[in-house]
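Taking it in order: structure first as structure tokens, then the write-up.
The values are calculated or read from the model by the stated rules, or taken from the named source; none is laboratory data. Fair warning: this is a prediction, and the values are worked out from it, not measured in the lab. Because the Cβ atoms are built from the backbone with ideal geometry, glycine has one as well, and the counts that use them run over all protein chains shown. The protein model used for the area step is the full one, side chains on, heavy atoms only, and it has no ligands, DNA or RNA in it. Shrake-Rupley method; radii C 1.70, N 1.55, O 1.52, S 1.80 Å.
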Amino acid sequence: MIEAAATPQPGRRAGLDRLTQFVPDAGARYARYRSFDFGPDQRGNTSVLSPYIRHRLVLEIEVLGAILEQHSRSDAAKFVDEVFWRTFFKGWLEQHPAAWKNYVRAVGDRFEELERDPSLLERYNSATAGNTGIDCFDAWAAELVATGYLHNHARMWFASIWVFTLKLPWELGADFFLRHLMDGDPASNTCGWRWVAGLQTSGKTYLARVSNIVSCTGGRFNPRGKLATSAPPLTESNPPEFTPLTPAVDSEPNGPFALLITEEDCAAEIGLLDSRPETILGLVTTRRRSLIPVGVPAYTFAMSAVTDAVQRASDAFDTEGAVIEADYDCDELIEWATNSGVSTIVTSYPPVGPVADFLDEAEPRLRHHGVELVRLRRRYDEVCWPHASRGFFRLKKALPRILRELGLEGAEDQPEVSMNRIEKQATAVAMKRMPR
Ligand SMILES: Cc1cc2nc3c(=O)[nH]c(=O)nc-3n(C[C@H](O)[C@H](O)[C@H](O)COP(=O)(O)OP(=O)(O)OC[C@H]3O[C@@H](n4cnc5c(N)ncnc54)[C@H](O)[C@@H]3O)c2cc1C
């Protein structure tokens, strides 16, 4: 029996509650049922933790710690792999930043094409409005906009139908996801679409099949005769090249500093900082995910995540905090920085994506005002990303070593699990093993 998982509520507390609730199911049950999309009212077969993990309201190491405390590595192998797919994509994009730059440029170009080509515009509008006549696709388009979430299998089918049946540009589909998903993430999303289209694993595409949709949705949909029967890979003229990781900064400044919290890391009080910041600012840049308005669930989740993070950090460090929205220009950030009276701002290292782009733009102006920006990279990223330079299976092979380095291997006891216990232990692991 698959129960519903409640719609993800913003905030770390809700994320930890969901983690506690899901832990017992993360073994064989997850492996068996994870591919089924039983519909928005029955989400209990997967964790639905992605909005929390994506914003680092709950840290990957906390999720892994809680799971491996209850399950053996082999029982939870499937779930552990999935958590590392996110890590892999983040690490891969970090080492192939041109994939993100090319995507951003192409989205701009594709929106211009929509203005010039009425028939393309009509097809695009009917896809995003869920008006194509393909039952499953239309239902998923509506579900995405209304709830800000889609099951992983639905994302794969949707992207495949978008690219190979509707023959729409993949970048516009990725943009549709990024601005509506509560877990909208530059790395998982860009790489997920690239993978379906045959760009990520060169020449290997994902074809949505009617029989698979019928069986994995419990017969809710049957798009017989409506789907493409082949998926020829897309090509790109300038495949993103490997770029070495920038060396991490891992030490806090000696003097006074301000803490900047973004939607990339909403758990600054857990293992990021040793000393107390003078002041705290939450910076919400969610509107930069797209050239057109982001969906309400995605926006609300990100705004609430940053607000929750500032509140918790303020309490933990006994420091005043504020939240600003600064989507397209950095004037407000500069003003806050100069008013704060500190010459250093510390932030959690933003991975490739809109937040990193924003801070890259802001940095020279901050420097001009005598303010240095320090990006602290968490140890989790530091340990994992070097294994993500090529394919996932290289990282997977290194998992025993990675888990050992993170202090997670061997946590195979099966004690009674309670919310408090998970939170305390996961936080303890994070604090002990991950000074950053
Ligand atoms: C075209 C496409 C676009 C996607 N866009 C996003 C996105 O913008 N943001 C996002 O977070 N995920 C994205 N994904 C990955 C995946 O669909 C979601 O992370 C997953 O559905 C989240 O649901 P869950 O938390 O119940 O996952 P579970 O099955 O419970 O998995 C546990 C955790 O593992 C990670 N995970 C699981 N599957 C994947 C995956 N395929 N890739 C990366 N990480 C994974 C997530 O952190 C997830 O919370 C995309 C996948 C595809 C195919």
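Data table
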quantity	calculated
Value of relative contact order over the chain, rounded to a whole percent, pairs C-alpha under 8 Å and six or more apart	22
Value of [θ]222 nm, deg cm²/dmol, for the chain, DSSP H segments ≥ 4, -39500 (n - 2.57) each, nearest 500	-15000 deg cm²/dmol
Gaussian network model of the chain, Cα within-10 Å springs - most flexible of ARG367, ARG18, ARG375	ARG367
Pairwise Cα inverse-distance average, inverted: Kirkwood Rh of the stretch 96-216 (Å)	14.6
Fraction of accessible area attributable to carbon and sulfur, the stretch 96-216 (%, probe 1.4 Å)	53
Segments 177-184, 163-170, 281-288 sorted - mean Cβ within 10 Å per residue, highest first	177-184, 281-288, 163-170
Residue-wise HN-Hα coupling along the stretch 235-246, computed from phi with Karplus coefficients 6.51, -1.76, 1.60 (Hz; x: Gly, Pro)	10, 9, 6, 10, x, x, 8, 5, 10, x, 4, 6
Built amide H within the under 5 Å cut-off of ASN222, gap 5+	CYS136
Solvent-accessible surface ranking, highest first, for LEU399, LEU291 at 1.4 angstrom	LEU291, LEU399
Convex hull volume of the stretch 321-388 per residue (C-alpha atoms, cubic angstrom)	103
Reference-scaled alpha-carbon Rg (2.2 N^0.38 Å with N residues) for the stretch 258-376	0.99
Per residue value of the accessible surface for the chain (all protein chains in place, 1.4 Å probe), Å²	41
Cα-based equivalent ellipsoid of the chain: semi-axis lengths in Å, sorted from largest, via gyration tensor	34, 27, 20
Positive-end residue of PHE317, GLY65, LEU178, charge dipole of the chain with Cβ unit charges	GLY65
Of the chymotrypsin sites (Phe, Trp or Tyr not before Pro) in the stretch 267-366, those whose Cβ has at most 11 other Cβ within 10 Å and which sit in DSSP loop	TYR328
Student exercise, the chain dipole from Lys, Arg, Asp, Glu Cβ charges, in Debye to nearest 20	1740
Relative contact order (%) - criterion: Cα under 8 Å, at least six apart; region: the stretch 96-216	22
Charge context of ALA28, other residues only, Cβ under 12 angstrom, K/R +1, D/E -1	+2
Protection proxy ranking of 136-147, 263-274, 226-237 - average other beta-carbon atoms within 10 Å, highest first	263-274, 136-147, 226-237
Sorted largest first, extent of the stretch 211-269 alpha carbons per principal axis (Å)	66, 35, 14
Candidates per GluC sites (Glu not before Pro) in the stretch 99-131, loop by DSSP, up to 15 other Cβ within 10 Å	none
Percent of Cα-Cα distances greater than 22 Å, calculated over the stretch 1-81	18
Tail weight of P(r) past 21 Å, computed on alpha-carbon pairs of the stretch 156-279, percent	58
Angstrom value of the Kirkwood radius, inverse mean 1/r, which spans all Cα pairs in the stretch 53-93	10.7
Amide H partners (placed H, <5 Å) of VAL323, local residues excluded	GLY282
Relative contact order %, the stretch 266-410, counting alpha carbon pairs below 8 Å whose residues are six or more apart	22
